[in-house]
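Worksheet for the structure shown next.
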Amino acid sequence: MKIIPPEARHREDWERLYAGYAAFYKVEQTPEMRATVWNWINDPAHEVKAVVAEDEAGRAIGLAHYRPFARPLRAIYGGFLDDLFVDPTHRGGRVADALIEHLAKIGREKGWNVIRWITADDNYRGRGVYDRVATRTWWITYDKAL
């Protein structure tokens, strides 16, 4: 398994994975929405970046979307992991661990002091991974719809 930025040859696998991620969280996602995100992650000027986990055949089996975020209280940047998804047939193989560790490497290279993410309370399988590779915080998240 390799962790690399997605390439044009990964587009079909990335679309399948990202649609699976949206379905997991019960978010209606259109092909146009996926095209927008694909364009973001392939635009060097856009803040959203991505990596994929690639199997030995060169197929994307997992994805992670991330971006920097300013931490004014600490006067430093951190990395925010927006989306993480592993093909269900490859779960249990530490693909998520590898994606998160790769983001940690990127973060260290950029001088970030944290990689942060949120997940659903009932994402028990994902939380099992997260509890193993990171520290759960006591922060509570709020959204105000606009």
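The values are calculated or read from the model by the stated rules, or taken from the named source; none is laboratory data. A quick note: this is a predicted structure, and the numbers were derived from the prediction, not measured. Cβ placement follows ideal geometry from the backbone for every residue including glycine, while neighbour counts extend to all protein chains displayed. What goes into the accessible areas is simple: the full protein's heavy atoms, side chains included, and nothing from ligands, DNA or RNA. Shrake-Rupley method; radii C 1.70, N 1.55, O 1.52, S 1.80 Å.
The listed peptides 64-72, 36-44, ordered by packing as a protection proxy, come out as 64-72, 36-44 (highest mean of other Cβ atoms within 10 Å first).
Computed over protein heavy atoms with a 1.4 Å probe, the accessible surface of the chain works out to 65 Å² per residue.
Counting only protein heavy atoms and a probe of 1.4 Å, the accessible surface of the range 1-116 is 54% carbon and sulfur. Label separation (residue 141 vs residue 28): 2.2 nm, computed from points 7 Å beyond Cα along the C-beta direction.
Each peptide in 118-127, 6-15, 77-86, 131-140 was scored by the mean count of other Cβ atoms within 10 Å over its residues; highest first, the order is 77-86, 6-15, 118-127, 131-140.
Axis angle, to the nearest 10 degrees, between helix 31-41 and the longest C-alpha principal axis of the chain: 60 degrees.
Compared with the dominant principal axis of the Cα atoms in the chain, helix 95-110 is inclined by about 50°. Under a Gaussian network description of the chain, with springs only between Cα atoms under 10 Å, the residue in 105, 49, 26 that fluctuates furthest is 26. Here the chain is assigned +1 on the Cβ of each Lys and Arg and -1 on the Cβ of each Asp and Glu. Its dipole about the Cα centre then comes out at about 560 debye.
Per the Kirkwood treatment, what hydrodynamic radius in Å, one decimal, follows for the range 84-140 from the mean inverse distance over all distinct Cα pairs?
Computed over the range 84-140, the radius equals 12.4 Å.
How many percent of Cα pairs in the chain exceed 27 Å?
20
Only one residue of 95, 111, 39 has its Cα farthest out toward the positive end of the dipole of the range 17-125, where Lys and Arg carry +1 and Asp and Glu -1 on Cβ, and that residue is 111.
When only alpha carbons of the range 1-42 are considered, Rg and Dmax amount to 10.7, 30 Å.
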